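Everything below concerns the one structure shown next.
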Amino acid sequence: MSFSPILEKDVVTWTDKKDVLVVGFGGAGACSAIEAFDNGASVAIFEAASESGGSTKLSSAELYLGGGTTVQKAVGYDDSVEDVYGYLMDSNGPQADAAKVRAYAEGGAAHLDWLMALGVPFKMSEYPQRAMMALTDDCLLYTGSEKAWPYVEKYKHAPRGHNLYIEGDNGGPLFVKIITEAVEQRDIDIHIEARALRLIVDSFGPQQRVVGLVVREDMQERYYRANKGVILCAGGFVMNAEMMQQYAPELAKAGTVPIGNPNDTGGGIQMGLSVGGRAINMHEGFLSVPFYPPATLTHGIFVNGQGQRFINEDAYHGRIGCYLVRQTYPVYLVLNVEDYADYETASWLAAPVAGTGETVTELAEELRLPDSALIDTINTYNLAAQSGNDEQFHKSEEWLKPLTGPFVALDCTPGAGAFLPHFTLGGLDTTVDGQVLSVQGEVISGLYAAGRTACGVPRRGDGYASGSSVGDATFSGRRAGRQAAIA
């Protein structure tokens, strides 16, 4: 499929004209459209699927926001903008965009209030357990590595994952329902089953301006004029095998299940590239080893093919995933049987049991690991657990517990059966207000991008925090919509 732009002079008939055209009706697209309309622009939104939602609807719709949100204050957390900024810069460095992170840290609390004003519900409560998401209707949850080394030693931590006021993993559909209704309540033209094909420009070359969009709907190609701008909110590219092999082959090889909707094929990114846009950070992605809950599995240790530890196991599951794929395979999670708990029904990991043993020697034999190395690893770990000080990997004392057996080992090796979900973190390079930048670093007039079509705040898998995609997508969508409207 060609994404090459066409010239304005070659358009015979315009189907319609609006100030702002938004491609994609997920979290980023909806917030772009709302903000553009509320800032005085006429708006049309185009969605390739048969309903709104995109990947946001498939998610828990957790939002990573801090700096003193309404919920944080109600629960009793004094979270500063500087701690949010420092943590996000550090965990996403060296790729972090200081301007975007600064805006996100400073605007997080107000963004939550904006969503609440739209009707998105949040309970003034905390979910204190270590978990992937709150399975109750509670709100605040630690969703990154804020309490783990090395960040805990640098920044004051606070829970920043905001779950919607609904039980279980049902936040995505509720969130999309509410923001869809917010779009419908405004005089915004909604086009469903309408696939954006190409951008329309007034000329070819560095001085070009994006002035419209070619859309396929009702089996026809139609031409829509954008008086002020086109905003690309069409998701990432995890569902495009060719792009994954080109840009993120290691992520494609290690991950077992791509996370996204069927239209996360990189179309928005390719349209941006077609007019000289710059794509950055395309090799990076999120890769999870969702081994908790049950939280007791955190008492275990991850070991590689040499029987050696390689990370502090109290880190966020995405950070562990990125470290895991750098190891010599196989990779196992070794723990006491008593900490296995309700793993078979509570965990998403689904890693098979690779071996058991009453002693370390028996376990090493079943796992075909060098027994001397595994014995030394476990002895070193047990000394750390007994002293409450893990000098080697800095696991917090809260999760240090001697491994005494009987033992069980879960096979977390990519391709061995474990559920290792992944998605992309690269996209079009944009300003903090969503303006797409050219290869030369210049603003491409009339073109904006947000959500996973752009390269936003989250930039590294080993520094990712749950909720930063929906948080960043909705936040960046609003900024792009506002900028396009006032341009």
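Computed from the coordinates by the stated procedures, all read-outs in this text should not be read as laboratory data. The shown structure was predicted, so the numbers you read here are calculated from the model rather than taken from an experiment. Note that each Cβ is placed from the backbone with ideal geometry, even for glycine, and that neighbours are counted across all protein chains shown.
Of note:
- Size estimate for the chain follows the Kirkwood approach: the inverse of mean 1/r over distinct Cα pairs works out to 23.2 Å.
- Proximal aspartates and glutamates relative to Lys395, as straight alpha-carbon distance under 14 Å, when same-chain residues fewer than 8 apart are discounted: Glu146, Glu153, Glu313, Asp314
- For Ile280, net neighbour charge (Lys/Arg +1, Asp/Glu -1) across residues whose Cβ lies under 14 Å away: +2
- Helix-only mean residue ellipticity at 222 nm for the chain, each DSSP H run of n ≥ 4 adding -39500 (n - 2.57), per residue, nearest 500: -9000 deg cm²/dmol
- For segment 121-219, the relative contact order works out to 19 percent when only alpha carbon pairs closer than 8 Å and six or more residues apart are counted.
- Summing +1 for each Lys or Arg and -1 for each Asp or Glu among the other residues whose beta-carbon sits under 11 angstrom from that of Ala351 gives -2.
- Amide proton proximity set for Val22, modelled H, under 5 Å, gap of 5+: Ala44, Ile45, Phe46, Ile231
- The chain, dipole about Cα centre (Lys/Arg Cβ +1, Asp/Glu Cβ -1), debye to the nearest 20: 1540 debye
- Per-residue ³J(HN,Hα) for segment 61-71, Karplus 6.51 cos²θ - 1.76 cosθ + 1.60, θ = phi - 60°, Hz, x for Gly and Pro: 6, 5, 10, 8, 9, x, x, x, 6, 4, 6
- Karplus-derived 3J(HN,Hα), 6.51/-1.76/1.60, for each residue of segment 391-398, Hz, glycine and proline x: 5, 6, 10, 6, 5, 5, 4, 3
- Euclidean distance of C-alpha centroids, segment 171-223 and segment 239-310, integer Å: 27 Å
- Residues of type lysines that Lys73 reaches as a straight line, Cα spacing below 26 Å, ignoring anything fewer than 8 places off in the same chain: Lys100, Lys123, Lys147, Lys154, Lys156
- For the chain, averaging the sequence separation of C-alpha pairs within contact (under 8 Å, six or more residues apart) and dividing by the residue count gives a relative contact order of 23 percent.
- Estimated from the Cβ-Cβ distance and a Förster radius of 41 angstrom, the FRET efficiency linking Asn382 and Glu82 is about 0.60.
- Label zone (Glu167, point 7 Å along Cα-to-C-beta; backbone nitrogen cut-off 14 Å) within segment 110-151: 135-138.
- Estimated inter-spin distance, Asp113 and Glu338, nm [label 7 Å along Cα→Cβ]: 5.0 nm
- Rounded if a/c under 1.5, otherwise prolate or oblate - segment 265-315, Cα gyration tensor axes: prolate
- Counted residue by residue at 0.36 nm each, then reduced by the alpha carbon distance between them, the extension gain from Phe204 to Phe419 reaches 72.8 nm.
- Spatially proximal lysines relative to Lys18 (Cα-Cα < 23 Å; intrachain offsets below 8 disregarded): Lys9, Lys228
- Segment 39-79: radius of gyration and largest Cα-Cα distance (Dmax), Å: 16.7, 43
- Additional length obtainable on full extension of the chain from Thr256 to Thr328, 0.36 nm per residue less Cα span: 24.1 nm
- Cα gyration tensor shape of segment 256-395, rounded if a/c is under 1.5, else prolate or oblate by comparing a/b with b/c: prolate
- Cut-off under 5 Å, modelled amide H: who pairs with Ser445 long-range: Val210
- Ranking Ile192, Phe204, Phe237 by Cα position along the charge dipole of segment 189-322, where only Lys, Arg, Asp and Glu carry charges on their C-beta atoms, puts Phe204 farthest toward the positive end.
- Alpha carbon convex hull of segment 381-487, volume per residue in cubic angstrom: 165 Å³
- Whole-Hz ³J(HN,Hα) from phi, Karplus 6.51 cos²θ - 1.76 cosθ + 1.60, for segment 407-412, glycine and proline x: 10, 9, 10, 9, 7, 9
- All-pairs alpha carbon distance profile, segment 26-99, 10 Å steps from 0, percent: 15, 27, 36, 21, 1
- Stokes-Einstein D in µm²/s, Kirkwood radius over Cα pairs - segment 70-225 at 4 °C with 1.567 mPa s viscosity: 68 µm²/s
- Along the chain, counting only GluC sites (Glu not before Pro) with a DSSP assignment other than H, G, I, E or B and at most 16 other Cβ atoms inside a 10 Å radius, the longest segment between sites is 194-357.
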